[in-house]
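Before any comments, here is the structure.
None of the figures in this text is laboratory data; all of them are computed from the coordinates on show. Computed from a predicted model, the values in this text were never measured in an experiment. Glycine gets a Cβ as well: all are built from the backbone with ideal geometry, and neighbour counts include every protein chain shown.
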Amino acid sequence: MKKYFILIIILAFSINSFAQKKVNYAIVIHGGAGTILKKNMTPEKEKAYLQKLNEALDKGESILKAGGSSMDAVEATIHILENSPLFNAGKGSVFTEAGENEMDASIMDGKTLQAGAVAGVKTIKNPISAARLVMEKSKHVMMAREGAETFAKEQGLEIVNPSYFKSERRWKSYLRIKKRMENQEDKKNKKHGTVGCVALDKEGNIAAGTSTGGMTMKMWGRIGDSPIIGAGTYANNKTCGVSATGHGEFFIRNVVAYDISALMEYKGWSLKKAANYVIHQKLKPQGGEGGIVSLDHKGNIVMSFNSAGMYRGFRKSNGEKGVFIYGKETE
Ligand code: ASP
């Protein structure tokens, strides 16, 4: 009798801890990867980045907690990052060679495999919303430049003067890099930015989104990986959701976001194994710097990067959370 009693207690405990551990929503974000070193950071700057990452996560988590969709959480979370001059997206976008801001964004719904993207836009305040509208209100997946801007305006999105995106800090860095390039000192520019978010909602649906100003000094008309479904963004309820940041050309050639999902789907790999393989074994030897944030349908989160740092953070319904900047903090 006593034996049964102990057995029941053990069983009750394990059911309880299983229920506690089960993740019914999760969210992960990034604010760009690159040569982000503690020695180049001031405590104030560090604090400002961590605060903004937390503010974005607060927003996304509040939507997911209330039973909102992963698509809504991704869009609203990215708005916070796009509206901050700290990150290379929306307000903080970097400059092209011609001294302009040209932005790319994409979003994908892992339930329906529907996706939307905009590329090379200069006047849409929140490109991630334009990407979502392309997905929901047009027959297409990707729209570019003036066409995308006209569409966004027709759909009622906020249109701003291109000067809105001109932040003092990015402009100064543009002038500095331009000067160095003219003096042949800086052929290789290692500054990445970009923001991204992947969320899992209580219904088990995964969504992923990415928004960027691209790479500093990019040529007029250059499009990176961020608006390309399968390269910078991918979501599939069967496998995972991924948002990437880094040297876009490498991410396009390696179809990074989809490759991670495909390794899970076809080889049965875990998200961690798939993501680390692509980022460290495939991209790194090629010189493809950058990283990804991702999650799977169980709410497992993987933030993998081969650069010195990546602004990143996550929250889960079971209370696990964190925000980080440098390497080795989460590995
Ligand atoms: N991947 C982006 C691009 O190549 C840049 C970045 O993530 O910083 O446009």
Counting only C-alpha contacts under 8 Å and six or more residues apart, can you give the relative contact order of region 266-331 as a whole percent? 23
Given the rule -39500 (n - 2.57) for each run of at least 4 DSSP H residues, summed and divided by the residues of the chain, what is its mean residue ellipticity at 222 nm, to the nearest 500 deg cm²/dmol? -11000 deg cm²/dmol
Nearest 20 debye, what's the magnitude of the dipole of region 224-323 about its Cα centre given +1 on Lys and Arg Cβ and -1 on Asp and Glu Cβ? 340
Taking Cα pairs under 8 Å and at least six residues apart, what relative contact order does region 55-194 come out at, in percent? 20
Contact order relative to length of region 122-270, as percent, for alpha carbon pairs under 8 angstrom and 6 or more apart: 16
Expected unfolding gain across THR42-GLU158 under the 0.36 nm per residue rule, minus the alpha-carbon gap, is 38.3 nm
Per-residue Cβ contact counts at 10 Å, fewest first, order THR210, THR245 as THR245, THR210
Compute the distance in nm between two label points, each set 7 Å from the Cα along the Cα-to-Cβ direction, one at ARG180 and one at ASP58. 3.5
Trypsin sites (Lys or Arg not before Pro), restricted to region 107-179: which are DSSP loop and have at most 13 other Cβ atoms within 10 Å? LYS139
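Which entries of LYS284/LYS316; LYS22/LYS47; LYS22/LYS45; LYS59/LYS328; LYS65/LYS111 have Cα-Cα distances beyond 25 Å here?
LYS284/LYS316; LYS22/LYS47; LYS22/LYS45; LYS59/LYS328
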Identify the residues of region 309-324 with backbone N under 19 Å of a label point that sits 7 angstrom from the Cα of THR35 along the Cα-to-Cβ direction, or state none. 309-311
At 20 Å minimum axial length over the Cα atoms and a Kyte-Doolittle cut of -0.5, report the qualifying DSSP H helices in the chain, or say none. 2-21
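Run the numbers for LYS172 and GLN114: contour at 0.36 nm per residue of separation, minus the present Cα-Cα distance, in nm.
Computed gain between LYS172 and GLN114 is 17.0 nm.
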Between GLU100 and LYS267, how many nm apart are label points set 7 Å from Cα along the C-beta direction? 4.2
Percentage of Cα-Cα pair distances in the chain greater than 29 Å, rounded to whole percent? 34
Stretch LYS22-HIS140 to full length: gain in nm at 0.36 nm per residue minus the Cα-Cα span? 38.8 nm
Using the basic label-point model (7 angstrom from Cα toward the beta carbon), what is the MET219 to TYR326 distance in nanometres? 3.8
